[in-house]
Amino acid sequence: MTLLVPLYVHPAEDPGAWARLIGAAPRTWAVVLNPASGPGPRPDPAFTAAAAALRAAGARLLGYVDTAYGSREAAEAHYEMLRYREWYGVDGCFLDQVTADRQGLRACRRLVRSLRRLGAATVVLNPGVHPDPGYLRLADLVVTFEGDWATYAARFSRPEWTARHPPERFCHLVHSTPEALVPLAVRTARDRGAGVCGPVTGHLPNPWTQPTPALTTPDP
């Protein structure tokens, strides 16, 4: 099991969280950088330093790009990807709020192909649900669950087609997880066919202000 870590807090606001993440970088699948719901208007020296430390520790870095379920212009995503590459040296992108239905598949395919041409070696799609199976062919990793622990524990289900693909292609992001249950959340993701996960204890509206405690606990 490896961990996808979206850490959406400024390094100057919580340097301890970033220090813990840097120290545990070898256990991550990737770290998502998100200075300002995107790269922001200019390079942020605190994020530049954090990105350099994470790269030195062996982490793969992804820039956060919101697609607004296909309503944003592709040119905006291109601009943000280039800024992330220039300012923070990211390896790829984490595309958030991605469409999940067949109708959105063609546009998502065009967007992913164009981002790869701009240097996105790794692409993660986050529809937050199980999408049309065609989306799996577009990305290195697809987030097929994003939600709270109570929903994940009681009402999660997955379609049969997911069993035809290796667990390393799927990720579950679970927030509002009681800290004592974080190891259980990791085991549950594995049992449900997700080779990558990210259980955090934070709650909405922004649960991703602390790295997952699973980074500093033994593998279950």
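Using the Cα centre of the range 1-110 as the reference point, and only Cβ charges (+1 on K/R, -1 on D/E), how large is the resulting charge dipole? Debye, rounded to the nearest 20.
Working: 12 positive and 11 negative charges, 83 e Å.
In total the dipole reaches around 400 debye.
Compactness ratio of the chain: Cα Rg over 2.2 N^0.38 Å, N = residue count?
Working: Rg = 16.3 Å, N = 220, 2.2 N^0.38 = 17.1 Å.
Rg over 2.2 N^0.38 Å, computed on Cα atoms: 0.95.
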Which of 101, 132 is most accessible, then next, and so on - probe 1.4 Å: 101, 132
How large is the charge dipole for the chain, taken about the Cα centre, if only the Cβ atoms of Lys, Arg (+1) and Asp, Glu (-1) carry charge, to the nearest 20 debye? 740
Computed label-point distance, nm, for sites residue 56 and residue 106 using a 7 Å Cα→Cβ extension: 4.9
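Send over a whole-number figure in Å² for the accessible area per residue of the range 1-82, probe 1.4 Å.
Working: 3520 Å² over 82 residues.
Averaged over the residues of the range 1-82, the accessible area is 43 Å².
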If you build the Cα gyration tensor of the range 39-98 and take the root of 5 times each eigenvalue, what three semi-axes come out, in whole angstrom, biggest first? 22, 12, 8
Per DSSP, the loop-located chymotrypsin sites (Phe, Trp or Tyr not before Pro) within the range 115-157 having at most 16 other beta carbons within 10 Å are 156
Among 95, 147, 134, whose Cα sits farthest toward the positive end of the charge dipole of the chain (+1 at Cβ of Lys/Arg, -1 at Cβ of Asp/Glu, about the Cα centre)? 134
Compare the Cα positions of 30, 6, 71 along the charge dipole of the range 1-73 (+1 at Cβ of Lys, Arg; -1 at Cβ of Asp, Glu; about the Cα centre) and return the one farthest towards the positive end. 30
Leaving out ligands, DNA and RNA, what percent of the accessible area of the chain is carbon and sulfur, probe 1.4 Å? 52
Which residue, 125, 204, 62, tops the fluctuation ranking in a GNM of the chain built on C-alpha contacts under 10 Å? 204
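Counting helices only, and only those DSSP H runs with n ≥ 4, report the 222 nm mean residue ellipticity of the chain as the sum of -39,500 (n - 2.57) divided by its residues, in deg cm²/dmol to the nearest 500. Working shown, then result.
Values: 6 runs with 66 residues, N = 220.
Roughly -9000 deg cm²/dmol at 222 nm, from the helical runs in the chain.
The values are calculated or read from the model by the stated rules, or taken from the named source; none is laboratory data. Just so we're clear, the structure is a prediction, and the values are computed from it rather than from any experiment. Every residue, glycine as well, gets a Cβ built from its backbone with ideal geometry; the counts of neighbours run over all protein chains shown. Remember, those area values only see protein heavy atoms, side chains included, never the ligands or the DNA or RNA. Shrake-Rupley method; radii C 1.70, N 1.55, O 1.52, S 1.80 Å.
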